[in-house]
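In what follows, a structure is listed as structure tokens, so that the remarks can point back to it.
The values are calculated or read from the model by the stated rules, or taken from the named source; none is laboratory data. All of these numbers come straight from a predicted model, not from anything done at the bench. Reconstructed Cβ throughout: ideal geometry from the backbone, glycine too, with neighbour counts over all protein chains shown.
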Amino acid sequence: MYEIQNLKRRYGDGFTLDIPSLAIEKGKAYGFVGPNGSGKSTLLRILASLDEPDGGRVLFHAETAQPREPSRQSKQQDRALVTMLLQEPYLLKRSVFENIAYGLRVRGIRRSLRSRVHEALMMVGLEPHTFSHRKWSELSGGEAQRVALAARLILTPEVLILDEPTASVDRVSAQLIRETIRTIRHAHNTTLLIASHDTTWLHGVCDEILKMQEGRIVGSGEENIFTGPWLPAPDGLWEMNLSDGQRIRALPPSEMIPHLTENAVALLDSTSIIVTTERPDHVSAQNILSGMLAHLYTFKHSERVKLDIQVAELPMTCNITRAAARSLGLLPGLDVWVVFKASSLSWQWVEIGIGE
Amino acid sequence: MDYIAEGFITALKLLARGDPETYSAFFTTLRVSSISILASMVMGIPLGFALGYYSFPGKRQIRAVVDTLLALPTVVVGLFVYALVTRRGPLGILGLLFTIPGIAVAQTILILPIVISLTATAVSNLDVRFRRTVSTLGAGSKRTALTAIYESRFGVLAAAVTAYGRVIGEVGVSMMIGGNIKWHTRTITTAIALETGKGQFAMGIALGLVLLLLAFVVNWILQIVRRVR
């Protein structure tokens, strides 16, 4: 659907979005996670033709024989096929009905407006007869979010981009939104691009999760990201100090550049972590950290259980089997030990940024 | 103090029995203010929209000039237009002096900065998310501009009401350009000034009441429009 080549977008405060290469396949659902300011929204805005890159190219319909070069005209055409729900949705100063019908009117569609608007309202769990005539000012934050989503769903876009779609809605609404976009995706083979802090929600929707950090895609899947600062230890390993005195130890990167030490980012796959309820003895692993189990998630069609464990100030994600979780008697609030090898950490973009 | 109370009673009688002089001033005011408000909106809304919506070199300077003109004294406008439309003036050939179109031209100049400035403020105060939102829904630049005007409609209406308030209440322009000619260019305000000078409080109060009623009706219509939309 999209092919990104050497994409760069700079902002005055020193932030740079830098994506050397990324391919987004048609019909797949991608989740983007990362801390605030990691570049998720910037990337999504560029893909929605709302923002311009400073360098590189974004090809739309990259899988076809004639991918569209970025141009003013092509961007206008793309806007008919791509729609985005912004992080803080804005409703036009008119009724709910007119807000939802706006995109169709822009496209010159006048037929069966009423039934389509009602259908869109039902998709987001709002009763059409109660809500369609309400003014924009008569909605709660969550209702406004759902109306904004309905205004995008009614367009049955090829690409639906959602920036924090569940940020201001309750859990029931979040679940409803998830089911709705799943339905839309399967009915219309819609490509989904979603940025969210709610990784559990994202895993229920997306095929692939991309982690972003300081403007770069640093990994995919359930990796833990350790941004340092990293310091070399006397025994040759690298260490990252946590606020409670514990340390994370990693093998040094193969090509080490001294002045970039602190900027190094290490990734740890969530399946490489062993969780125990008692401190393990006689293990060769360099990292044995104490923490507290904060959340435990199970998934409908999966044998895996996801654990959120708080280790000092660091939230860590681990993936274990249901059987292991049962045998350990894991419950939120329980003190646990997190064990992993120094060699399980991999380094990302340590060399990138020379001269920047 | 009795003369004020008597003035009120006589005023109500004048209005009730349809005093032709009072109603002549009323209809002249209505005519001239309607022409000037329409002309100022036709010119002022597009100009105000352009000033508030687009970015261009010199925008801030133009805005400063327009905002300064908000405080334009009516007699200065009267003087300026008089100089133009008097027989010796460059537009003397049009014969606008002491006519209703003449007053309307001067009043339009008087309220044009109000319509431009308040429309520009309404448009530039649109939520920062507005353009991105309509863009995500597929709107091109023309459609976005039209939607922006519609989104700022309450501000534009407020601009029109403010301008109308200024135009029906002004004396200087009507007096200087219209000449306060009975049955012809005498407006409510010039009539009040004249009748008060003559000591005819009843007529003045009657016309004052009509003026207040007119302002009330305009604001009332605005409230209804806001509620309906």
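Note on the range B:181-203: residues that are farther than 24 Å from B:Ala104 by Cβ and in a helix (DSSP H, G or I) total 6.
Candidates are the residues of the range B:114-128 that are in a helix (DSSP H, G or I) and either within 7 Å of chain A (Cβ to nearest Cβ) or among the polar types (S, T, N, Q) (or both); the one that is nearest to A:Ala48 (Cα to Cα) is B:Ser124. Summed over the range B:150-177, the residues that are within 14 Å of chain A (Cβ to nearest Cβ), touching a residue at least 24 places away in the same chain (Cβ under 8 Å) and hydroxyl-bearing (Ser, Thr, Tyr) give a count of 1. Quick check on the range B:55-77. Is at least one of its residues touching a helix residue (DSSP H, G or I) at 6+ places or on another chain (Cβ under 7 Å), surrounded by 23 or more Cβ atoms within 10 Å (Cβ to Cβ) and more than 14 Å from chain A (Cβ to nearest Cβ)? Yes, the range B:55-77 contains at least one residue that is touching a helix residue (DSSP H, G or I) at 6+ places or on another chain (Cβ under 7 Å), surrounded by 23 or more Cβ atoms within 10 Å (Cβ to Cβ) and more than 14 Å from chain A (Cβ to nearest Cβ). Just to be sure before I move on: is B:Thr147 within 12 Å of chain A (Cβ to nearest Cβ), surrounded by 21 or more Cβ atoms within 10 Å (Cβ to Cβ) and either part of a helix (DSSP H, G or I) or among the polar types (S, T, N, Q) (or both) in the structure I sent? Judged against the criteria, B:Thr147 is a match.
Each row is one residue, and each column tells you yes or no for (1) charged (D, E, K, R); (2) touching a Leu at 6+ places or on another chain (Cβ under 7 Å); (3) within 26 Å of B:Leu214 (Cβ to Cβ).
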| position | (1), (2), (3) |
| --- | --- |
| B:Tyr3 | no, no, yes |
| B:Phe26 | no, no, yes |
| B:Arg31 | yes, no, yes |
| B:Tyr54 | no, no, no |
| B:Arg63 | yes, yes, no |
| B:Arg88 | yes, no, no |
| B:Leu96 | no, no, yes |
| B:Thr99 | no, no, yes |
| B:Ile103 | no, no, yes |
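Scan the helices (runs of 4 or more DSSP H) fully inside the range B:1-97 and keep the ones with 2 or more residues being modelled with pLDDT of 90 or more, within 23 Å of the chain's Cα centre (by Cα) and among the hydrophobic types (A, V, I, L, M, F, W, C). Per the criteria, B:20-53, B:59-68, B:74-85.
A residue that is away from every other protein chain (no Cβ under 14 Å), closer than 19 Å to A:Asp170 by Cβ, in contact (Cβ under 8 Å) with a residue 40 or more places away in the chain and under 26 Å from the mean Cα position of the chain (by Cα) occurs somewhere in the range A:116-124. Residue check: is A:Ile184 under 27 Å from A:Gly14 (Cα atoms), in contact with a Leu (Cβ under 8 Å, 6 or more places away or on another chain) and modelled with pLDDT of 85 or more? Answer is no for this residue. For the range B:129-156, the set of residues classified as of a type in the set (A, V, I, L, M, F, W, C) and within 23 Å of A:Ala48 (Cβ to Cβ) consists of B:Phe130, B:Val134, B:Leu137, B:Ala139, B:Ala145, B:Leu146, B:Ala148, listed by residue number.
Residue-wise test of (1) among the aromatic types (Phe, Trp, Tyr); (2) crowded, with 20+ Cβ neighbours inside 10 Å; (3) at negative phi.
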| position | (1), (2), (3) |
| --- | --- |
| A:Pro128 | no, no, yes |
| A:Ala151 | no, yes, yes |
| A:Thr156 | no, no, no |
| A:Leu160 | no, yes, yes |
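Condition first: closer than 30 Å to A:Leu149 by Cβ and within 20 Å of the chain's Cα centre (by Cα). Can you find one or more residues in the range B:133-152 that meet it?
yes
Every test in (1) out of contact with any helix residue (DSSP H, G or I) (no Cβ under 6 Å at 6 or more places or on another chain); (2) at pLDDT below 85; (3) of a type outside the set (S, T, N, Q); (4) surrounded by 20 or more Cβ atoms within 10 Å (Cβ to Cβ) is passed by A:His203 save one, and that test is (4).
Select, from B:Arg153, B:Arg131, the only residue that is among the basic types (Lys, Arg), closer than 24 Å to A:Asn99 by Cβ and in contact with a Lys or Arg (Cβ under 8 Å, 6 or more places away or on another chain).
One residue alone meets the criteria, B:Arg153.
Considering every residue within the range A:188-197, establish whether at least one is over 16 Å from the mean Cα position of the chain (by Cα) and without any contact (Cβ under 8 Å) to a residue 24 or more places away in the chain. No, there is no match, as no residue in the range A:188-197 is over 16 Å from the mean Cα position of the chain (by Cα) and without any contact (Cβ under 8 Å) to a residue 24 or more places away in the chain.
Does B:Arg131 satisfy the criteria of being free of Cβ contacts under 8 Å to residues at least 12 places away in the same chain, surrounded by 15 or more Cβ atoms within 10 Å (Cβ to Cβ) and within 14 Å of chain A (Cβ to nearest Cβ)? Let's see the steps before the verdict.
Numbers: free of Cβ contacts under 8 Å to residues at least 12 places away in the same chain: no; surrounded by 15 or more Cβ atoms within 10 Å (Cβ to Cβ): yes; within 14 Å of chain A (Cβ to nearest Cβ): yes.
Against the criterion (free of Cβ contacts under 8 Å to residues at least 12 places away in the same chain, surrounded by 15 or more Cβ atoms within 10 Å (Cβ to Cβ) and within 14 Å of chain A (Cβ to nearest Cβ)), B:Arg131 does not qualify.
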